[in-house]
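Down below is the structure, laid out as structure tokens.
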Amino acid sequence: MTHWAVLSRIAPGFVLSAAGRPVPLVLGLEVTRRCNASCSYCSVCEAPDDDMPLEVLLSLLTEAYAAGSRIVSFSGGEPLLRKDIEEIINHAFCLGFLIRLNTNGTLPISDSIMEKVPLYDVSLDGPAEVQQLTRPGADFERVKATLERLRRHPRVSSTITTVLTRPALEHLDSLLKLAERFDARVNFNRPRPSMGADKVEGWLLDSQEYAVALRRILEHPLRRRVLNSTETLRHLFASNPSPLATCPMGRVSLRVDHDGSFNDCFERPPLLDVRYPDVTFAEGFARIVGRHLTNCPRCTVAECVNTSLLVGLSPETALRTLLSLL
């Protein structure tokens, strides 16, 4: 995908946002909570299996595009577990969305999907010994095979999503070498309390270890393989980060959960009384705008921090974000 193709899709939304008009440019759409892995710090797969039906999802995507959404990030659970995922992706593609697929990398990705989806976030915490420990069920060899297949595709860009725990930090060098091997970039995240991070308390880094992690990442010879900007890393891992002046959720982005609930934060409950299709997409986004956050002291989601800084016109964040889309 060319620089201009990416910019032509996302620039108008950011311009309107900078002018003070909220636009749901980026839609995070959780298509299922089902998952074939049992990541140690994640409890998503323990949720009820009440995914939105196909026809409801297709209608939601149509309304979202009409409301100004131009990037859709499909997540789960494991999105590829949906038997109708190709129909969902094809509909988004035909509407004109730029599509990102979040996957644990253990299930086959069809040729049809690869022709329509240029962006992939693949969950990987390190070499085999780390992956087996932190992400049981997400077989390391299968993940490597997926990353290799993505690497060989001329129009695909891959990001490795890593939750920074003690085991992952101990194998940081190996992780970044894997990213180099598969021509991918690593996006580091903190364990999220809402996802069940309390289950892995023995692996959680303390403030001193986070400081060491921050220094090692910033000074690493393979720093170019890290998607997070310096500002993002400092917000995620520094002892006293600067609050985010404005949250992108409700300004340029929002989430819709697997049951149709509208949400503006990974750490706050969704608007359970506002669900699609009980309300239109535009009405749901308006409710999200109404409870927009400012001065968030610590966001644990790298993508949200990146987007917040991007809205704030951080040059380094803008450059690294653009590179991840190419």
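Observations
- Cβ-Cβ contacts under 6 Å between residues 6 or more apart (or on different chains), taken from a first residue in the range 69-84 that is under 10 Å from Gly28 (Cβ atoms) and at pLDDT 95 or above to a second residue that is part of a loop (DSSP other than H, G, I, E, B) and not polar (S, T, N, Q), are listed as Val72/Phe97; Phe74/Val31.
- Sole residue being under 22 Å from Arg100 (Cβ atoms) and modelled with pLDDT under 95, chosen from Arg149, Arg142, Arg135, Arg224: Arg135
- Leu58 being surrounded by fewer than 21 Cβ atoms within 10 Å (Cβ to Cβ) and without any contact (Cβ under 8 Å) to a residue 40 or more places away in the chain: yes
- Residue match in the range 143-159 (condition: of a type in the set (Val, Ile, Thr), farther than 20 Å from Gly105 by Cα and touching a residue at least 40 places away in the same chain (Cβ under 8 Å)): no
- Top-ranked residue in the range 135-155 [being of a type in the set (Asp, Glu) and assigned to a helix (DSSP H, G or I); ranked as farthest from Glu86 (Cα to Cα)]: Glu141
Let's see how each residue does on (1) part of a strand (DSSP E or B); (2) modelled with pLDDT of 95 or more; (3) among the charged types (D, E, K, R); (4) surrounded by 20 or more Cβ atoms within 10 Å (Cβ to Cβ):
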| position | (1), (2), (3), (4) |
| --- | --- |
| Lys177 | no, yes, yes, no |
| Pro191 | no, no, no, yes |
| Ser194 | no, no, no, no |
| Lys199 | no, no, yes, no |
| Tyr210 | no, no, no, no |
| Ala213 | no, yes, no, yes |
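- Unmet requirement for Leu319, which otherwise passes all of (1) surrounded by fewer than 17 Cβ atoms within 10 Å (Cβ to Cβ); (2) at pLDDT 70 or above: (2)
Residue by residue, here is whether (1) closer than 21 Å to Leu164 by Cα; (2) modelled with pLDDT of 70 or more; (3) buried (at least 17 other Cβ atoms within 10 Å of the Cβ) holds:
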position: Arg216; (1), (2), (3): yes, yes, no
position: His235; (1), (2), (3): yes, yes, yes
position: Met249; (1), (2), (3): no, yes, yes
position: Val252; (1), (2), (3): no, yes, yes
position: Tyr276; (1), (2), (3): no, yes, yes
position: Thr280; (1), (2), (3): no, yes, no
position: Glu283; (1), (2), (3): no, yes, no
position: Glu303; (1), (2), (3): yes, yes, yes
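- Residue check, Ile113 surrounded by 18 or more Cβ atoms within 10 Å (Cβ to Cβ) and either touching a Cys at 6+ places or on another chain (Cβ under 9 Å) or under 19 Å from Asn187 (Cβ atoms) (or both): no
- Conditions (1) without any contact (Cβ under 8 Å) to a residue 12 or more places away in the chain; (2) within 22 Å of Cys42 (Cβ to Cβ); (3) part of a loop (DSSP other than H, G, I, E, B): number failed by Gln132: (3)
- Residue list for the range 204-232, restricted to those being in contact with a Leu (Cβ under 7 Å, 6 or more places away or on another chain) and of a type in the set (Lys, Arg): Arg216, Arg225
- Scanning the range 65-80 for residues that are part of a helix (DSSP H, G or I) and more than 18 Å from the chain's Cα centre (by Cα) turns up Tyr65, Ala66.
- Scanning the range 89-105 for residues that are at negative phi, in contact with a strand residue (DSSP E or B) (Cβ under 7 Å, 6 or more places away or on another chain) and not in a strand (DSSP E or B) returns Ile89, Ala92, Phe93, Phe97, Asn104.
The values are calculated or read from the model by the stated rules, or taken from the named source; none is laboratory data. What you are looking at is a predicted structure, and each value in this text was computed from that prediction instead of being measured. FYI the Cβ positions are ideal-geometry reconstructions off the backbone, even for glycines, and counts take in every protein chain you see.
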